[in-house]
Every structure is written in structure tokens, then in C-alpha cells.
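Each reported figure results from applying straightforward, stated rules to the coordinates on display, with no laboratory input. Since we're looking at a predicted model, the values are computed, not measured. Glycine gets a Cβ as well: all are built from the backbone with ideal geometry, and neighbour counts include every protein chain shown.
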Amino acid sequence: MTKMPFDRSSDQSDGDLLLQYAAGDTSAAAELMTRLTPAILGMSFRILNDRAEAEDVVQDAMIRLWRIAPDWEPERAQVSTWLYKVALNLCRDRLRARRTVGMPDGFDVADDAPSAAQGMLAKERTDALQAALAGLSDRQRQAVVLRHIEGLANPEIADIMAISVEAVESLSARGKRALATALADQRETLGFTDD
Amino acid sequence: MTDTHDSLEDLEMAQLFQAARAQPMVPSQDLMARMAADAAALQPPVVTSAAQGADADHLSLWDRVSGWIPQMAWPVGLATAGLTGVWIGSGTVPVLSDQAQSLLSSDLAYELAFRMPSLTAYLGGQ
């Protein structure tokens, strides 16, 4: 039976959808894109600090997902974890390539980032956080993004980053402390002085 | 007032992270179109009988969408045409390839048009 877009059950797992895609259901691909792309794009952007590169990473990661679909084994991994892992590795490749060609690893405002003229405190905070994230080491930034922004559990992050849970805890804690220090002089701008 | 703290408090950091989480990245229309083309191109071929069944389902789906929500018919058509345009590239191919035809006859364009009206407008050149 064909499902309408609005019939697609939200309790279908990503793995089920991937298998349905592999079996010929193209609407499952749309559901997967809708579900997975924002988070993967967010992670990639926060790590790479470049919107265009982040979108390329997402596209590459999704291509790999479509290709593995016929062989997907749902019991082996969650699709989202697998996709985070692939995207993170693609991000790491790009970070290494930047260093090879001598590009700075610093903050570079994305072309389409909304300006501060929007005047929204939340945007001020997001921009400040993004800038501060760029000052962290690659591994700290990856751990902080996955733990505190993407909201993943430490064991899942450990799987994605291919490190121990203890290392995740250490990296995310040190990264968070570094952010807190780096952002301290912006406390008033960030709206933390009126409490 | 001069602030003497040399780092933000945990609660303040939590508010920063919350602000970031509350502003999820929205994929661009171009990215969605590229991914749609990839998904259509890389989808494993289905057996003939299943394909025939899928085609029948597709027609039924199209009829149902048009019938239930008439106003969706034109943007869905634009999305389909637009996605096909993306798929076949810069227009140098005068006839639809098998893959482009496959995308045209897939549900993906309908799904994307339904989920992302902005993509529909983009693909429709608006």
C-alpha cells in the first residue's frame, strides 16, 4: 500500500526507512532526508565553520547512505549514528586538507549567516558560541558539538569519534570550560548580566 | 557594571547550548535538490513486477494528492519538473534519460514538495 507523505508513521525507524528505500520506496528517502539532514548539517557546520563545505559533507554522507542501503543491517547500528560517523570523518578529512594547503583553522563567518542586525539575543548567543567553538582543538570541538549541541550520549559519541567514553568526557568537559572562559568577556552582550 | 567572573557559569553555558539547539540548520534548497537527485540515481533497481506495481501506486498517489489538495497539484508538478531539470543538468539533453524518467515517476518529488514548499518554489523558478 502506498503511503501518503502525511501518512508516513513517525515511529518507523530510520533503519526501516532505509530498507524501504532500498526496496524501491523513494518516499522513504524523502523522510530520511527530512529527519537526518538538519542534525548532520548542523554538526558539520559547527565543526567546519563553512556552510558550503558542510553542505558538501552532508551530500557526500547521504550518497554513502544510499549506496549502503541494500546491505544495511539494522541490528548493527543506528542510521543516525552511522551517518554522524561518516560525516564526522568527512569533516576531519576537510580539516586536514585545510592545514595541508595552509588555510587557517579559525573562524570564518558563513556567507549566509544572519547578521546581528536581526537583533535577536538567541542569534547573538549562537554566533558567539560558533565563534568560540572555532577556537577549540578539533577533537574538543567535535566532542562539545556532539555532546552539548547535538545532545548525544557519551557512548554514542565514543562510537562516532572512535575513542573511549572517558576520552569523550574529558574532551567535552575541557572544551566546555574553554568555551566558558573564552566567552566570559561577552557576558553582557550575551544577556547574562540582567539576572 | 564590571563583571569579575573569568568564565561563564554552567547555567549560562547551558543557555548558550540551548540557543544553538533551538536554531537548527535548515538545509538549502540546492542541497535538498542535489540529495534528491542522488537518492533517485542510486536507488537499487526493482524487479519488473514490483516496478509495475510501484507505477500503479504512483499513479494512484498522484490522483489522490491532486484530488485531496487541488492547490498542491501545481507546485508538485513544478517540483517534479524542477527536480528533473536538476537531474538532467543544464538542459543539454533534449530527451529524458532513463534515470530522469525514473525520478519523474518516483514519489520523491511529491514528498519533497509536500515537506518543503520553499523547495517547490525554488524549483519552479519563483
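Evaluate the distance, in nm, between pseudo-label points positioned 7 Å from the Cα of A:GLU166 and of A:GLN78 along their respective Cα→Cβ axes.
Label at A:GLU166, label at A:GLN78, 2.5 nm between them.
Quick check: pseudo-label points 7 Å beyond the Cα along Cα→Cβ at A:THR100 and A:ARG174, how many nm apart are they?
2.7
Could you give each residue of the range A:53-60 its phi-based ³J(HN,Hα) in whole Hz, using Karplus coefficients 6.51, -1.76, 1.60 with θ = phi - 60°, and x for Gly or Pro?
With coefficients 6.51, -1.76 and 1.60, one gets 5, 4, 5, 5, 4, 4, 4, 4 Hz.
How big is the charge dipole of the range A:130-194 about its Cα centre, in debye rounded to the nearest 20, if each Lys and Arg gets +1 on its Cβ and each Asp and Glu gets -1 on its Cβ?
For the range A:130-194, the charge dipole is close to 160 debye.
For A:SER27, A:SER172, B:SER7, what ranking results if the residue with the fewest other Cβ atoms within 10 Å of its Cβ goes first?
Final ranking by Cβ density, sparse to dense: B:SER7, A:SER172, A:SER27.
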